[in-house]
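These notes are about the structure you will find just below.
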Amino acid sequence: MIETTASPFPQLRLRPWLGIVATALSLLAMWMGLVWAPTDAVQGDVYRVIYVHVPTAWLAYLAFVVVFLASIGWLWSRRPWFDALAVASAEIGVLFTGLFIVAGSIWAKPTWGVWWTWDPRLVTTAVMFVMYVGYLLLRGLSTDFERRATRAAVVGVIAVVDIPIVHLSVLWMNSVHQLPTVARIGAGPALDASMGLTLGVSVLAFTFVYVALLVERIDIERHRQARVLETRR
Amino acid sequence: MSAPQRALLIAARELFAERAHPDGLAAALTFTGMLVLLESLAFGPGRAREPDVASGVFWIAILFAAMLMTQRSFDRELEDDAIDAVIALPGGRDALFAGKAFALGLLMVIVGVAGGALSIFLLDLEIALPGHLAFVVLLGLVALAPVIVVNNVVALRVRARVAVVPILSFPMLVPQLIAASQGSAAALAGDAAVALSWGALLAAFAFVYAVLGLTIVPAAIE
């Protein structure tokens, strides 16, 4: 029986600052990506999409790993806070996976000549997107709070298997997509230092945006959970 | 009674139920046969015989057939509330996933052999490596079962289960579908190394999802 929707972790008083830091870092990343970072010798300015494409890819992975961890947390402890974390992260993950695909498509047109091609990386990413849309759909079809959380948690645990498949698909199968640029196994990033720094700042900015959105969404979900518990009493 | 014995009991119960009312198996066999027949019409007899096309269509048919059969199996459980009795038994919760997945795997072997034989006969397929093909097909069938059973259990009492299970299962089964299609095509074309590597990937997927299913399904059954 659920009695509290309180967080199992100590509350940090950073919430008001998260949005400010995320905005500041986003502005800095925008300036670095559009002005400070040098033009690529081969692709010209088109390559600058990387400063959106890679961070959104990172956030897609991060969000779904958080869904996985939160799902385990719910199945383990049955604390509603973990379910709130899972749904918040899944919604943001779907948003950023959509942006990841759109940014990749914008980059693909001038470099590959097409908006979309049946490439393993693209297909596995689209599959990941559909998988988490299915996760949210499953949540939407369940009315009982505990059943919904448990069903979603099982899917959240199983679906995480797709993340390494998406990342490693370019190594496993013939792909027109370039090999990993930053997270390379047994090697450093294949990027100019200034481009690498800009990418690092972009990733950090997007991560703060994710955390800021996550905190707000968890708060909304916990209010919803509290209302559900209140009507039960 | 030990856990494997309980799982075997559930599997035996499933197989007896299917023998008494083989509507799931009949639907799966009919569906697979229909798709093999339609394949040569859709692609033309020449293209339908190509290893890539023949194996791809075969595995799509198997995927849908497995979905049909599993949904029928759980429908049967829900119609007479039999699943509540299974869950209420000591250890029933744990045995349900393993028993269902094992029974589905066995039934899919029947569908796979029948569908494969029909493909070979109707499309006049030349098989360069029959042993490798059997190995890949067997592993492919085994790799499908855990994912489909897990998703059926998760969506057991969801009102749109017929739609939700494929929506959840198909994306999760894409890697298995690719591995099974590519491995079968390689075995048909005579590339032993490629067939074995895809077979190994299928075995890895079967293992990962079986372990995940055994670990989390007992907590998910309502």
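Residue-wise test of (1) within 11 Å of chain A (Cβ to nearest Cβ); (2) touching a residue at least 12 places away in the same chain (Cβ under 8 Å); (3) within 14 Å of the chain's Cα centre (by Cα); (4) surrounded by 18 or more Cβ atoms within 10 Å (Cβ to Cβ).
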{"site": "B:114", "(1), (2), (3), (4)": "no, yes, yes, no"}
{"site": "B:122", "(1), (2), (3), (4)": "no, yes, no, no"}
{"site": "B:132", "(1), (2), (3), (4)": "no, yes, no, yes"}
{"site": "B:142", "(1), (2), (3), (4)": "no, yes, yes, yes"}
{"site": "B:165", "(1), (2), (3), (4)": "yes, yes, yes, yes"}
{"site": "B:177", "(1), (2), (3), (4)": "yes, yes, yes, yes"}
Just one listed residue, out of A:67, A:114, is over 19 Å from residue A:33 (Cα atoms), under 18 Å from the mean Cα position of the chain (by Cα) and β-branched (Val, Ile, Thr), and it is A:67
Across region A:137-154, the tally of residues that are facing another protein chain (nearest Cβ under 8 Å), touching a helix residue (DSSP H, G or I) at 6+ places or on another chain (Cβ under 7 Å) and basic (Lys, Arg) stands at 1
Note on region A:155-168: residues free of Cβ contacts under 8 Å to residues at least 24 places away in the same chain and more than 7 Å from chain B (Cβ to nearest Cβ) are A:164, A:168
Scanning region B:31-74 for residues that are β-branched (Val, Ile, Thr), surrounded by 20 or more Cβ atoms within 10 Å (Cβ to Cβ) and within 13 Å of the chain's Cα centre (by Cα) gives B:32, B:62, B:70
Checked against (1) in a helix (DSSP H, G or I); (2) surrounded by fewer than 24 Cβ atoms within 10 Å (Cβ to Cβ); (3) touching a residue at least 12 places away in the same chain (Cβ under 8 Å), residue A:55 satisfies every condition except (2)
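Of all residues being part of a helix (DSSP H, G or I) and among the aliphatic types (A, V, I, L, M) in region B:152-163, which is farthest from the other protein chains (Cβ to nearest Cβ)? Just the residue, please. Let's see the steps before the verdict.
Applying the first criterion (part of a helix (DSSP H, G or I)) to region B:152-163 yields B:152-154, B:161-163.
From what is left, the residues that are among the aliphatic types (A, V, I, L, M) are B:153-154, B:162-163.
Details: B:153: 8, B:154: 5, B:162: 12, B:163: 9 Å.
The residue in question is B:162.
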| query | For residue B:91, are the conditions met, namely being out of contact with any Leu (no Cβ under 9 Å at 6 or more places or on another chain), surrounded by fewer than 23 Cβ atoms within 10 Å (Cβ to Cβ) and under 30 Å from residue B:215 (Cα atoms)? | reply | yes
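What do you reckon, is residue B:7 in contact (Cβ under 8 Å) with a residue 60 or more places away in the chain, over 25 Å from residue B:132 (Cα atoms) and of a type outside the set (Ser, Thr, Tyr)? Lay out the reasoning, then the answer.
Working: in contact (Cβ under 8 Å) with a residue 60 or more places away in the chain: yes; over 25 Å from residue B:132 (Cα atoms): yes; of a type outside the set (Ser, Thr, Tyr): yes.
Judged against the criteria, residue B:7 is a match.
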Requested in this report: Answer yes or no as to whether residue A:90 is closer than 18 Å to residue A:151 by Cβ, open to solvent by less than 40 Å² (accessible area, probe 1.4 Å), over 9 Å from the mean Cα position of the chain (by Cα) and at pLDDT 90 or above.
Outcome: no
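Regarding residue A:65, is this residue at negative phi, surrounded by 19 or more Cβ atoms within 10 Å (Cβ to Cβ), in contact (Cβ under 8 Å) with a residue 40 or more places away in the chain and in a helix (DSSP H, G or I)?
Answer is no for this residue.
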Going through region A:117-148 in order, the residues found to be more than 20 Å from the chain's Cα centre (by Cα) and open to solvent by less than 40 Å² (accessible area, probe 1.4 Å) are A:119, A:141, A:142, A:145
Note on region A:124-134: residues touching a residue at least 40 places away in the same chain (Cβ under 8 Å) and at the interface with chain B (Cβ under 8 Å from one of its Cβ atoms) are A:124, A:128
message = Against the condition over 19 Å from the mean Cα position of the chain (by Cα) and open to solvent by 70 Å² or more (accessible area, probe 1.4 Å), how does residue B:6 come out, does it pass?
response = no
(1) outside any helix (DSSP H, G or I); (2) over 30 Å from residue A:146 (Cβ atoms) all hold for residue B:139 apart from (1)
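Yes or no, residue by residue, for (1) of a type in the set (Asp, Glu); (2) within 10 Å of chain A (Cβ to nearest Cβ); (3) crowded, with 22+ Cβ neighbours inside 10 Å:
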| residue | (1), (2), (3) |
| --- | --- |
| B:169 | no, yes, yes |
| B:172 | no, yes, yes |
| B:181 | no, no, yes |
| B:187 | no, no, yes |
| B:194 | no, no, no |
| B:204 | no, no, no |
| B:214 | no, no, no |
Across (1) crowded, with 22+ Cβ neighbours inside 10 Å; (2) facing another protein chain (nearest Cβ under 8 Å), residue B:149 clears everything bar (2)
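Is it true that residue B:104 is open to solvent by less than 30 Å² (accessible area, probe 1.4 Å), among the hydrophobic types (A, V, I, L, M, F, W, C), away from chain A (no Cβ under 12 Å) and within 16 Å of residue B:61 (Cα to Cα)? Steps first, please.
Details: open to solvent by less than 30 Å² (accessible area, probe 1.4 Å): yes; among the hydrophobic types (A, V, I, L, M, F, W, C): yes; away from chain A (no Cβ under 12 Å): yes; within 16 Å of residue B:61 (Cα to Cα): yes.
Yes.
The values are calculated or read from the model by the stated rules, or taken from the named source; none is laboratory data. Because the structure is predicted, anything quoted here is derived from the model rather than measured. Cβ coordinates were reconstructed from backbone atoms using ideal geometry, including for glycine residues, and neighbour counts include every protein chain displayed. Side chains are part of the model used for accessible areas, which takes the heavy atoms of the whole protein and leaves out ligands, DNA and RNA. Shrake-Rupley method; radii C 1.70, N 1.55, O 1.52, S 1.80 Å.
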